[in-house]
Amino acid sequence: LEVCWLDSHPALVDGAEDSRGPITLPQFRPARPARREDTLGADAVAEGDELPLTAIPITPTLIASCAFAAGDYSEGHHDPEVAKKHGLKSIITDIHTSLGLSQRWISDWAGPAAIYRNIRIRLGVANYAGDILTMAGNVVAANAKTGEITVGFTGFNSLGDHLTGTAELPLPAEPARAAEENR
């Protein structure tokens, strides 16, 4: 676990008249696991294996920089005032960011040589700046002969499921690092 800080209700914001002042509370969330340096081999994965629960802070910088990098200049991804005029409470992630965060999370678990054959996501509730996207999932199918695996996953935040999806990827017959060392 790691600690993060939640400003539960800052005083005198948007006309509030809370005389107690801001209240900041400690909150605990799963620590982001380290990226795998080698790639899982097909023999190391079985149906039902859980991927690590991972909390990803959704910052305004993450949202805007990812949207711009993808060529998505919609103001709902970088201008809070325009987002509010369109009925949103703040800026939100675009689908490219959600997809990229999903792929990064799976690659951190599977390893650097993981190659995606297919990935599908379905968006749900909005992913607002200041929220936490928590990724959870498991191996729903694994073929030891071909190395093909399917990962089912969900990314949820304080509003509910932001995305659900599946990813299909082949894993090497033996871990990538071991294969290189045997050459």
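The values are calculated or read from the model by the stated rules, or taken from the named source; none is laboratory data. Because the structure is a prediction, the values reported are computed rather than measured. Counting neighbours? That spans all protein chains shown, and the Cβs are built from the backbone with ideal geometry, glycine included. These accessible areas exclude ligands, DNA and RNA; they are computed on the full protein's heavy atoms, side chains included. Shrake-Rupley method; radii C 1.70, N 1.55, O 1.52, S 1.80 Å.
Here is the figure for segment 28-72: residues that are assigned to a strand (DSSP E or B), modelled with pLDDT of 90 or more and surrounded by 16 or more Cβ atoms within 10 Å (Cβ to Cβ) total 4. Within segment 147-162, the set of residues being open to solvent by 20 Å² or more (accessible area, probe 1.4 Å) and on the phi < 0 side of the Ramachandran plot comprises E148, T150, T154, F156, S158, L159, D161.
Taken over segment 76-96, residues that are assigned to a loop (DSSP other than H, G, I, E, B) and more than 15 Å from G130 (Cβ to Cβ) amount to 4. You will find that of T93, T134, T97, the residue that is among the hydroxyl-bearing types (S, T, Y) and surrounded by fewer than 19 Cβ atoms within 10 Å (Cβ to Cβ) is T134 and no other.
No other residue among T146, T166 is closer than 30 Å to A44 by Cα, among the hydroxyl-bearing types (S, T, Y), assigned to a loop (DSSP other than H, G, I, E, B) and out of contact with any Asp or Glu (no Cβ under 9 Å at 6 or more places or on another chain) apart from T146. Among the residues of segment 85-105, none qualifies, meaning not one is in contact (Cβ under 8 Å) with a residue 12 or more places away in the chain, more than 16 Å from H162 (Cα to Cα) and small (G, A, S). The residues listed here are L25, L1, L6; of these, the one that is modelled with pLDDT of 75 or more and in contact with a strand residue (DSSP E or B) (Cβ under 9 Å, 6 or more places away or on another chain) is L1.
Of all positions in segment 117-125, at least one carries a residue that is assigned to a loop (DSSP other than H, G, I, E, B), farther than 22 Å from D38 by Cα and open to solvent by less than 80 Å² (accessible area, probe 1.4 Å). Look at (1) within 14 Å of the chain's Cα centre (by Cα); (2) touching a residue at least 40 places away in the same chain (Cβ under 8 Å) and you find that G111 fails only one, number (1). Taken over segment 152-173, the residue count meeting the criterion of being within 15 Å of R104 (Cα to Cα) and more than 14 Å from the chain's Cα centre (by Cα) is 2. The residues in segment 73-84 that are surrounded by 15 or more Cβ atoms within 10 Å (Cβ to Cβ) and without any contact (Cβ under 8 Å) to a residue 12 or more places away in the chain can be counted, and the count is 1.
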